[in-house]
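Everything on this sheet refers to the single structure shown next.
The values are calculated or read from the model by the stated rules, or taken from the named source; none is laboratory data. These figures come from a predicted structure and were not determined experimentally. When we count neighbours, we look across all protein chains shown, and the Cβ atoms used for this are built from the backbone with ideal geometry, even at glycine.
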Amino acid sequence: MKSIYDISINSIDGELIKLEKFKGRYLLFVNVASYCGYTNQYIELQKLHDIYSELEVIGIPCNQFLFLQILLI
């Protein structure tokens, strides 16, 4: 059985993120609408990360979110 740390995903910038580098940390995947301009949530997400430094907030483009949701179920 694979774990979430066995996969890689694309960041909102199109860079490959290997989730294995986040082992031992809390992960929050956020379905972001980065290309249509609805990015007001970034300020609040940054505040959340600042408060909980052990939390990694990872923005996922909409077309990848469904894949992660299926994988985690």
Please give the number of the condition E54 fails out of (1) at pLDDT 75 or above; (2) over 13 Å from the mean Cα position of the chain (by Cα); (3) more than 20 Å from Y5 (Cβ to Cβ). (3)
Within region 12-26, work out how many residues are exposed (fewer than 14 other Cβ atoms within 10 Å of the Cβ) and not charged (D, E, K, R). 4
Qualifying residues in region 27-48 (those that are assigned to a loop (DSSP other than H, G, I, E, B) and surrounded by 14 or more Cβ atoms within 10 Å (Cβ to Cβ)) - the one modelled with the lowest pLDDT: S34
